[in-house]
Amino acid sequence: MSTTSTPAQQSFATGKPGLTALRKTPRHGERVVLGAFRIASLVTVLITAAILIALAIPSIGFFSQVPVFDFLFGDRWAPRFADSSFGVLPLVSATAWTTVIALSVAVPFGLGAAIYLSEYAHPRTRRVLKPILEVLAGIPTVVYGYFALIFVQTVVFREWLQLPTEAFSVLSAGVVMGVMIIPTIASISEDAMSAVPQAMRQGSAALGANKMQTTIRVVFPAALSGIIAAVVLGVSRAVGETMIVAIAAGQQARIVGNPLEQGQTMTGFIANAALGDSRVGSLEYDTLYAVGLLLFAITLLMNWISIALVRRFREAY
Amino acid sequence: MAPNNDKKSKKKSGTKKATETTVRIVAADHGPVSEVVIPALECHDVDVYYGTFRAVSEVNMSFGTNEITALIGPSGCGKSTLLRSLNRMNDLVDGARVTGSVTFHGENIYAPEVDAIEVRRRIGMVFQKPNPFPKSIYDNVAYGPRVIGMKPDSMDDLVEEALTQAALWDEVKDKLKQTAFGLSGGQQQRLCIARTIAVKPDVILMDEPCSALDPIATKRIEDLMLELTKDYTIVIVTHNMQQAARVADRTAFFTARPDETTGNRTGVLVEFDRTSDIFTNPKDPRTEDYISGRFG
Amino acid sequence: MTSLSQSKSLRGRVRGGDSGPLSIIFLFVLWFSVFFAFVFLLTLIVTTWIDGAPRLDVRMFTEFPSSAPEDAGARPAILGSLLVISVTALFTLPLGIAAGIHLEEFANRRNWFNRIVELNVQNLAAVPSIVYGLLTLGALSAVGVRDKNIVIAGAMALSLLILPVVIIVTRESLRAVPLEIREGSLALGATPLQTLFRQTLPSAVPGIATGSILALSRALGEAAPLLILGALVFVSFDPNGLLSGYTTLPIQIFNWTGRPQEEFHVLAAATSILLLGLLLAMNSIAITIRNRFQLRW
């Protein structure tokens with residue numbers, strides 16, 4: 001059957017013969033590239049699996065020698081002593097103290113900053129202030145740790161305020177850690193509040209409420225799930241933070257009674273223990289991973305909660 | 001049966017050997033009648049599904065070569081969906097499925113051995129909102145030929161030809177290297193038309209191409225469409241009945257029929273005829289209601 | 001009732017309005033929050049500067065750490081940081097960008113497995129950095145590597161740490177490119193990969209570059225994973241290769257901060273200033289890239 005070539009065919013120098021040129025051409029090069037992309041994304045799953053395996057294997061070794069109950073509820077942590085004890089409560093208490101202190105700094109100031117930026121600030125002010133908050137987030141934690149030890153603890157607490165505290169304290173580490181977390185809380189809370197529709201604020205204003213009332217009674221509750229997500233994420237970051245506490249909170253593992261005392265957090269223990277020489281496969285080595293597993297479990301739980309809450313507030317609007 | 005070579009006043013005599021249908025067509029206000037039309041595209045029992053939702057139901061129609069066919073109807077009745085099925089752009093949507101067959105010169109474009117990429121090289125599309133690439137005007141037009149492997153003797157000539165055919169050359173010939181984003185809305189849309197015709201397709205699909213443009217730009221594009229039928233087949237979706245009456249040779253009217261069970265609305269083809277007949281003598285009462293403005 | 005008396009009766013109604021005492025206190029509290037953060041930051045920078053300025057001299061760049069603080073410098077730390085970050089970039093950028101491209105452009109989102117992969121990336125982004133150190137330590141031990149205080153091990157740990165961030169940043173940059181651009185390209189008969197490499201990716205590059213530089217600057221400031229790998233040793237030589245011993249600026253700061261002598265604290269502060277300066281430079285480059293090249297749609 002003769003076909004006058006159409007304009008479509010005339011322009012192809014290769015002169016594809018007729019309309020059967022609609023057949024699939026194997027594009028091998030493309031498939032290889034696409035496959036490489038897919039493999040790259042699967043690596044992330046491998047990493048998680050690797051974390052779980054890396055933490056689990058030594059932990060199994062650990063728990064074959066130390067009963068889980070003694071680990072979780074024992075109150076003496078002395079893994080390297082002759083009469084060793086593996087109760088993790090001292091580490092947990094120090095972590096708890098630093099976390100609580102950090103959040104009592106980060107939540108009020110972070111929320112305050114978030115509310116100001118979201119509801120009150122002029123767009124130009126926002127453009128200047130937001131980057132400054134981001135700078136706080138970008139300062140390396142070692143530098144924060146140095147500041148906590150050399151300035152906050154030594155100069156502020158001991159010299160200026162004459163507080164009854166020694167070289168290290170969970171308070172100095174906690175306060176500085178709190179400031180480090182302010183940007184995290186502020187930015188997620190601000191996202192949550194900005195997502196509240198303008199119509200709600202206008203409705204409240206139309207009823208005669210002033211800005212403060214609208215903010216506290218309308219915007220804040222509407223953004224609550226996002227704000228809680230921010231706080232939970234802040235907790236996760238505080239629990240997982242290492243350098244500030246390793247430098248400023250102390251190295252003695254003891255149940256911490258008051259914030260002016262020193263203590264060793266879970267992360268502090270891992271960091272300090274790794275400085276020594278632990279033989280692979282020894283109980284000391286496995287201890288690192290048991291504490292690491294506990295740490296991972298806590299932060300993972302916090303992150304799941306936070307992600308679920310963020311999804312809820314993103315869907316709501 | 002020998003292909004009919006009757007010339008219409010503005011149509012080229014290039015014809016394709018394909019299924020012939022005898023349909024009475026009248027070139028509306030455009031000239032003498034031809035007894036036989038050779039369709040470039042045809043739909044046979046086409047349903048389009050998004051997941052389990054049937055967006056378009058049982059469409060049977062044909063799109064005549066070197067003609068303008070308009071799809072009109074109220075919003076939400078599947079016109080754009082059907083249009084996107086004609087060049088397999090719906091493949092990009094997760095869960096989209098087409099049953100029945102869409103034949104391009106007799107070949108079903110949804111056959112398993114057919115490559116959607118090849119289909120789109122022959123059936124081009126212009127979108128509702130002009131979407132030029134963030135490149136220079138020249139590179140926008142040259143992009144298509146480059147990616148599909150056309151190796152013209154002179155790319156410059158090809159670009160100039162496409163821009164001329166799209167009635168844009170005079171306005172941009174001195175600024176080909178400038179970014180396309182600097183053009184006005186109407187110019188950008190003509191640029192999109194230019195880059196579509198640069199790959200020399202057979203069919204050009206247009207999804208409400210003028211809805212984002214002002215009336216003057218709209219008129220220029222409508223004039224352009226009439227010019228383009230010399231070389232191309234055009235299918236246009238439009239909300240604007242008057243536009244269909246102005247440019248289309250044949251018009252198809254769609255409406256949305258609510259599904260009894262789910263309440264979702266499925267698009268159905270109500271009537272398909274010469275434009276003049278649709279507007280002056282509609283056969284279906286729904287068509288009449290829409291045209292007279294009783295609903296829409 | 002005249003309209004005058006009506007407006008008088010309205011006056012007392014709204015309690016305080018925006019200029020009432022409670023509102024002013026509230027605004028002050030909010031403003032103080034921002035102020036506090038700002039003052040804290042300022043204090044940190046100023047005290048670090050004051051502490052460290054005495055030792056911000058050429059010796060910092062040329063000398064090695066020493067038990068005598070007057071002779072000490074941060075030279076191996078500077079070189080080590082630069083080397084480790086370069087290797088980290090080499091590991092993590094191709095992998096992270098490729099994974100991000102797959103997840104954003106080609107993965108079928110309705111597939112349950114792909115949704116797990118997405119969720120997994122989000123989780124990885126929030127894992128404490130020290131856990132990545134433990135992971136690298138365990139992996140290397142399993143493979144039989146004895147001395148883990150080598151450049152490539154440190155780069156591995158940092159790469160794992162920032163990989164999720166690079167993936168997320170890539171996805172966001174790709175997502176910012178409007179769908180119409182891809183549709184326009186595909187409608188002309190381009191293949192998905194041609195569309196990616198000729199349209200989508202070029203438009204997303206500024207965002208990816210900015211985000212990657214910021215991620216790398218975060219890796220630059222990290223010490224915890226490297227500590228686990230045994231980086232806290234006395235390093236008195238320049239790093240010379242992937243299997244060489246090394247130290248980095250954060251590790252050096254940690255080292256000197258932990259010493260009792262005041263002079264070492266001065267060194268720590270000076271090194272902190274160096275580190276902050278380096279980070280400032282990197283962040284400025286990132287932001288410049290974004291401002292100059294990022295397309296606004």
**OP:** Name the long-range amide H neighbours of B:Leu71: under 5 Å, sequence gap of 5 or more, or other chain; modelled H, no Pro or chain starts.
**Re:** B:Ile236, B:Val237, B:Thr238, B:Ala252
Original post:
Can you tell which of B:Asn131, B:Tyr110, B:Leu163 lies farthest toward the positive end of the dipole of region B:103-164, using +1 and -1 charges on the Cβ of basic and acidic side chains (Lys, Arg; Asp, Glu)?
Top reply: B:Asn131
Original post:
Tell me, what HN-Hα J-couplings in whole Hz come from the Karplus equation 6.51 cos²θ - 1.76 cosθ + 1.60 at θ = phi - 60° for each residue of region C:100-106, using x for Gly and Pro?
Top reply: x, 4, 4, 5, 8, 9, 10
Original post:
Magnitude of the Cβ-charge dipole of the protein assembly as shown, K/R +1 and D/E -1, about the Cα centre, nearest 20 debye?
Top reply: 1380 debye
Subject >> Length-normalised contact order of chain C in % [C-alpha pairs under 8 Å, at least 6 apart] >> reply: 26 percent
Subject >> Whole-Å distance, taken between Cα centres, linking region C:98-165 and region A:197-257 >> reply: 29 Å
**OP:** For region C:107-116, take each phi angle, set θ = phi - 60°, evaluate the Karplus expression 6.51 cos²θ - 1.76 cosθ + 1.60, and give the result in whole Hz per residue in order, putting x for glycine and proline.
**Re:** 6, 7, 5, 7, 5, 5, 5, 5, 5, 5
**OP:** Let me have the relative contact order for region A:22-131, percent, based on Cα pairs under 8 Å that are six or more residues apart.
**Re:** 11 percent
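Please give the FRET efficiency for C:Ala53 paired with A:Leu207, using the beta carbon to beta carbon distance and R0 = 41 Å, rounded to the nearest 0.05.
Using R0 = 41 Å, I get an efficiency of 0.10.
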Subject >> Residues in region A:108-145 that a label on C:Leu22 would reach, taking backbone N under 20 Å of a point 7 Å out along Cα→Cβ >> reply: A:112, A:115-116, A:119-120
**OP:** Starting from the amide H of B:Gly267, placed 1.01 Å from N in the peptide plane, find each other amide H under 5 Å away whose residue is 5 or more places distant or on another chain.
**Re:** B:Val56, B:Ser57, B:Arg257
Original post:
Which distance in nm do the two modelled labels at B:Asp214 and A:His122 give, with both placed 7 Å along the Cα-to-Cβ direction?
Top reply: 3.5 nm
Original post:
Hey, got the average number of other protein chain Cβ atoms within 10 angstrom for residues in A:177-186?
Top reply: 2
Original post:
Given C:Asn149, C:Gln194, C:Thr88, which one lies farthest toward the positive end of the charge dipole of region C:86-205, if we put +1 on the Cβ of every Lys and Arg and -1 on the Cβ of every Asp and Glu?
Top reply: C:Asn149
Original post:
How high is the FRET efficiency from C:Asn111 to B:Phe53, r the C-beta distance, R0 25 Å, rounded to 0.05?
Top reply: 0.80
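Determine the percent antiparallel among the DSSP beta bridges restricted to chain B, to the nearest 5.
60 percent
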Original post:
In peptide C:229-239, how many Cβ atoms from other protein chains are near each Cβ within 10 Å, on average?
Top reply: 1
Original post:
What spacing in nm lies between the two simple spin-label points modelled at A:Ala82 and B:Asp174, each 7 Å away from Cα in the Cβ direction?
Top reply: 9.7 nm
Original post:
Under the definition of partner shielding as Cβ atoms of other protein chains within 10 Å of a residue Cβ, what is the mean value for peptide B:136-148?
Top reply: 3
Original post:
Over what distance in Å are the Cα centres of region B:168-204 and region C:204-226 separated?
Top reply: 40 Å
Original post:
So for chain B, taking the charge dipole from beta-carbon charges (+1 Lys/Arg, -1 Asp/Glu), which of B:Gln188, B:Val172, B:Val98 sits furthest toward the positive end?
Top reply: B:Val172
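Normalising by the residue count of chain B, find the relative contact order in percent from Cα pairs under 8 Å and 6+ residues apart.
24 percent
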**OP:** Find how many whole Å separate the alpha carbon centroid of region B:53-94 from the alpha carbon centroid of region B:225-274.
**Re:** 8 Å
Original post:
Dipole magnitude of chain B about its Cα centre, charges +1 at Lys/Arg Cβ and -1 at Asp/Glu Cβ only, in debye to the nearest 20?
Top reply: 380 debye
Original post:
How large is ³J(HN,Hα), in whole Hz, for each residue of region C:210-223 in order, when computed from phi with the Karplus curve 6.51 cos²θ - 1.76 cosθ + 1.60 and θ = phi - 60°, using x for Gly and Pro?
Top reply: 4, x, 5, 4, 5, 5, 5, 5, 5, 5, 4, x, 7, 10
Original post:
Under a plain spin-label model, where a point goes 7 Å from the Cα along Cα-to-Cβ, how far apart in nm are B:Asn264 and A:Leu161?
Top reply: 6.3 nm
**OP:** Using only Cα atoms, tell me the angle between helix A:28-63 and the longest principal axis of chain A; keep it within 0 to 90° and round to the nearest 10.
**Re:** 20 degrees
**OP:** Highest first, please rank the peptides B:76-85, C:127-136, C:60-69, B:166-175 by the mean number of other Cβ atoms sitting within 10 Å of their residues.
**Re:** C:127-136, B:76-85, B:166-175, C:60-69
**OP:** Show me A:164-170, A:279-285 ranked by packing, highest mean number of other Cβ atoms within 10 Å first.
**Re:** A:164-170, A:279-285
Subject >> Proximal charge balance of B:Ala167 [Cβ under 10 Å; K/R count +1, D/E count -1] >> reply: -2
Original post:
Over 21 Å between Cα atoms, which of B:Lys129/B:Lys219; A:Lys24/B:Lys230; B:Lys135/B:Lys173; B:Lys79/B:Lys135; B:Lys79/B:Lys129 qualify?
Top reply: A:Lys24/B:Lys230; B:Lys79/B:Lys135
**OP:** Might you report the magnitude of the Cβ-based charge dipole of chain A about its Cα centre, with Lys and Arg at +1 and Asp and Glu at -1, to the nearest 20 debye?
**Re:** 1720 debye
Subject >> Other-chain or far-sequence residues with amide H under 5 Å of B:Met125's (modelled H) >> reply: B:Leu205
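Each reported figure results from applying straightforward, stated rules to the coordinates on display, with no laboratory input. A quick note: this is a predicted structure, and the numbers were derived from the prediction, not measured. No Cβ is skipped: glycine too gets one built from the backbone with ideal geometry, and neighbour counts run over all protein chains shown.
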